[in-house]
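For reference, the structure is listed below as structure tokens.
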Amino acid sequence: MFSTMDLLMGANKSYFTSSLIPFTVHKLQNTKIKFNNQHEQISSSFSPQDKHIINLDETKQIHAHMIKTQYNHNHAISFEFFQRHSSPASLFNFIITSYVRNNSPIQALRIYAYMRETDSEIDTFTIPSILKACSQLSWSLKQGQEIHGFVLKVGLDWDVFVLNALIQMYTECYNVESACSMFNRMLERERDVVTWSTMIRGYTRSKSYGKALDLISEMQFLQVKPSAVAMLNMVNLFADLGSPKMARLIHAYVVKNSDIRSVGVPINTALLDMYAKCGNIALARRLFNRLNQKTVVSWSAMIAGYIRCNKLEDGVELFTKMQDENILPNEITLLSIILECGFVGALKLGKQVHAYMIRNGFKVSFTLATSLVDMYGKCGDIKTARKIFDRTSKSERDVAVWTAIISGYAALNFLDQAFELLRHMRNAGIYPNEITMVNLLSLCAETRALHLGKSIHAYIDKQGILSDVILTTTLVDMYAKCGDIDSACRVFSEASTRDICMWNAMIGGLAMHGLGVEAMDLFSQLQRTGMKPNDITFIGALHACSHAGLLSEGQRLFDRMVDEFGINPKVEHYGCMVDLLGRAGKLDQALEMINRMPIDPNTVVWGSLLAACKQHKNLQLGEIAAKRLLEMDPNNCGYNVLMSNIYAAANRWNDVAGVRKTMKATGIKKAPGFSSMEVNGYIHEFIMGDQSHPQIKEILEKLVEMGKKLKLAGHVPNTSAVLLNVDEEEKETSLTYHSEKLAMAFGLISTASNTPIRIVKNLRVCDDCHSATKLLSKIYRRMIIVRDRNRFHHFSEGSCSCGDYW
């Protein structure tokens, strides 16, 4: 957001000459097929008389002539059409416009800087063109804000073309809040259809879908007739929403507001793209077949649609048919196919397309190379992605290709390599954008690397990277998953815009920390905003009830989901309810719910019941659940181990031996339990009895000290957690070297006494470690936060946040 005074203060002449650098950014996502990239307001950027388009070389020749003649417009220029430009202002406007049209925004901004330095006339034709240059450079928000300040200072804010160009600039530079502020300050009579269209597109780009839909409703209420481009923006919005029902509504709206003869190829192509993204590929194909004129973009959209819907053979068949009809694939075709291959993880097809490009002598442009890096990274072939990245010219590498390769490593949880590339990126003078940050924060969330996550958050604030709703949601998710729920709550409360995804992330975060009451309060707060919860919201809220033991609240919520909100329960919701009933000891009710499910229960549902049977030592139901699980997934070691543990807890050692014999015969190996913690940006992992850590001597010494202090505090080892047929002494020794205790000892010797110890365990915390950790938090006066397979435990002053309910 901004104030008029801030903008006026920023409107100084020297800003541009000191801040402009030769740096071009290509956004990978902007290479996807979009059918609204020619905005109505572009025409307002140019002089009405100026319809002659020249290429970049001709533009440079004219610019060179202007420099040579010291911008004296009286000197003749050899280009015949140029004689129409009779004033210095029109001369400058023409050359700025030409650079923008030829995708050379830096040159356009440099000419504008010269005009400001020399007090040349700047009019309502200059401003939209130069704002378009800022839009092409999405990192140039500060330049755009300076221009906005200048517009206010000289009084050009009366012109609707100027105001529309400002709104577009803010949305292209990912500052939708400022665009919204401008839109809201405009009087109704000042807005034209371009204003509405640009704002709808801006909300769609920032994934503020609810606000975009509200804007369309307001347009209808005010009877603003949409233009062709406005309808293209609306169709693209509904494509992103992915709702088949809403797709049909916007299709009907387009037909109603168009002359049937004027519904051309662009809008029809956008509609078929929308239906494909909504999963209705049959309807998309019918639209495609009805097209009287099929352009290469139409073919590309249809082929990409098949791939997105995982109908790869149909996509390949159409690609072949396209060439049979003498429509040769171009860069748009290849880009769209490659990007969709990455989206669905179709590595084999992606490789075939790559081979086709090489075989047919396609020049691999930098944009194509970036899409290949992105596709291979998303498909898990990071070696090939890195090879292509390394072959790109170092001078050409932009934020998109750096983000693609970093994202590839992040998706595979290669923490060290991802951050090493980030360092190289910054050393190359390329600054990461919000997409890079989202990927790195997601990696920190998956690896529980809180220290690195905090560093990235600090970098975002320091560099002034705009935290849109996606980036803010990722920050909330990262802090919650890394155990810092207070920071997650703070980021959430400070967010200026919240969508349902952010609410879901916060409710889910509170749930995994066992803060069921707070999660339900937040759910109530969400309802008061008027925003409608979705199926994901209810999964998070039901999880919160489960982890906090809120049985009656969870049952009421499940009923409300169906009766009040009209959401049909999915298998995930039933899984939450079985978990809720099972944790509360209502095992018969849990089984009854499974038997009454209108859909087939999956392994998550039966797995929840089996875990509850282990917790409550119900051998009979445990055997039923284990049998169903092993029928569905016979090679899963977890179910075998859980059943083995149930037998062990009942001292049925022959049955334990039988399960383990079966596992051995079928080659199933138990996944080892391990714990990890981050210290100074490095992840340290510990396995039970591990002797490989470089500080193992100090760790073992601390373990001995911990054991002595626990004994003095009255701790008696709970040997029931050791499910082995050995004597008590051996069981006690085994408990001493559990991985979380090794991690805890390391945390005590390697972190400051006033900082929390944060541990992640891949399995459920055993009863003995849980009770021991409660005492150790009081003995050492440390906050100890443990993330096990199910939830977070916050140990402090001898108690745990779970209330011994986990």
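Remarks
- Entirely in region 159-221, the helices (runs of 4 or more DSSP H) that have 3 or more residues that are open to solvent by 50 Å² or more (accessible area, probe 1.4 Å): 209-221
- Pairs, first among the charged types (D, E, K, R) in region 592-621, second open to solvent by less than 20 Å² (accessible area, probe 1.4 Å), C-beta under 7 Å, six or more apart: Lys614/Gly622; Lys614/Ile646
- Considered as a group, the residues in region 600-623 that are open to solvent by less than 70 Å² (accessible area, probe 1.4 Å) and among the β-branched types (Val, Ile, Thr) include one that is farthest from His573 (Cα to Cα), and that residue is Thr603.
- Candidate set: region 252-281, residues that are over 17 Å from Ser300 (Cβ atoms) and in contact with a helix residue (DSSP H, G or I) (Cβ under 6 Å, 6 or more places away or on another chain); chosen: the one modelled with the lowest pLDDT: Val254
- From the list Met597, Met593, Met561, Met577, the lone residue that is under 30 Å from Val641 (Cβ atoms), among the hydrophobic types (A, V, I, L, M, F, W, C) and out of contact with any Leu (no Cβ under 8 Å at 6 or more places or on another chain) is Met597.
- Filter result for the condition that a residue is modelled with pLDDT of 95 or more, of a type in the set (Lys, Arg) and over 16 Å from Cys341 (Cβ atoms), over Arg386, Arg423: Arg386
- Asp486 vs. criteria assigned to a helix (DSSP H, G or I), more than 30 Å from Lys142 (Cβ to Cβ) and open to solvent by 10 Å² or more (accessible area, probe 1.4 Å): yes
- Within region 106-125, the residues that satisfy the criterion of being in contact (Cβ under 8 Å) with a residue 40 or more places away in the chain, of a type outside the set (Ser, Thr, Tyr), in a helix (DSSP H, G or I) and crowded, with 18+ Cβ neighbours inside 10 Å are Gln107, Leu109, Arg110, Ile111, Ala113, Arg116.
- Once region 280-289 is narrowed to residues that are part of a helix (DSSP H, G or I) and in contact (Cβ under 8 Å) with a residue 12 or more places away in the chain, the residue that is nearest to Gly350 (Cα to Cα) is Ile281.
- Candidate set from region 576-594 (those that are hydrophobic (A, V, I, L, M, F, W, C) and open to solvent by 30 Å² or more (accessible area, probe 1.4 Å)); member that is nearest to Ser608 (Cα to Cα): Leu591
- Residue list for region 438-483, restricted to those being touching a Phe, Trp or Tyr at 6+ places or on another chain (Cβ under 6 Å), open to solvent by 10 Å² or more (accessible area, probe 1.4 Å) and more than 20 Å from Met425 (Cβ to Cβ): Asp468
- Every residue from region 444-477 that is in a helix (DSSP H, G or I), more than 26 Å from Ser178 (Cβ to Cβ) and touching a Gly at 6+ places or on another chain (Cβ under 9 Å): Cys444, Ala445, Leu450, His451, Leu452, Ser455
- Failed condition for Ala626, given (1) open to solvent by 20 Å² or more (accessible area, probe 1.4 Å); (2) small (Gly, Ala, Ser); (3) part of a helix (DSSP H, G or I): (1)
- Any hit, region 198-214, residues being closer than 17 Å to Ser181 by Cβ, acidic (Asp, Glu) and over 26 Å from the mean Cα position of the chain (by Cα): no
- Single residue of region 641-686 satisfying the filter (free of Cβ contacts under 8 Å to residues at least 40 places away in the same chain, open to solvent by 30 Å² or more (accessible area, probe 1.4 Å) and assigned to a loop (DSSP other than H, G, I, E, B)) that is nearest to Glu740 (Cα to Cα): Pro672
- For region 420-437, the set of residues classified as among the β-branched types (Val, Ile, Thr) and either closer than 10 Å to Thr403 by Cα or open to solvent by 70 Å² or more (accessible area, probe 1.4 Å) (or both) consists of Ile435, Thr436, listed by residue number.
- Residue that is farthest from Gln463 (Cα to Cα) [pool: residues in region 139-155 that are open to solvent by less than 20 Å² (accessible area, probe 1.4 Å) and over 27 Å from the mean Cα position of the chain (by Cα)]: Val151
- Scanning region 300-314 for residues that are open to solvent by less than 40 Å² (accessible area, probe 1.4 Å), in a helix (DSSP H, G or I) and hydrophobic (A, V, I, L, M, F, W, C) returns Ala301, Met302, Ile303, Ala304, Ile307.
- Filtering Leu368, Leu372 for residues that are in contact (Cβ under 8 Å) with a residue 24 or more places away in the chain, surrounded by fewer than 22 Cβ atoms within 10 Å (Cβ to Cβ) and in a helix (DSSP H, G or I) leaves a single hit, Leu368.
The values are calculated or read from the model by the stated rules, or taken from the named source; none is laboratory data. Computed from a predicted structure; not experimentally measured. Methodologically, a virtual Cβ is constructed for each residue, glycine included, from the backbone with ideal geometry; neighbour enumeration extends over all protein chains shown. SASA here: full protein model, heavy atoms, side chains in, ligands and nucleic acids out. Shrake-Rupley method; radii C 1.70, N 1.55, O 1.52, S 1.80 Å.
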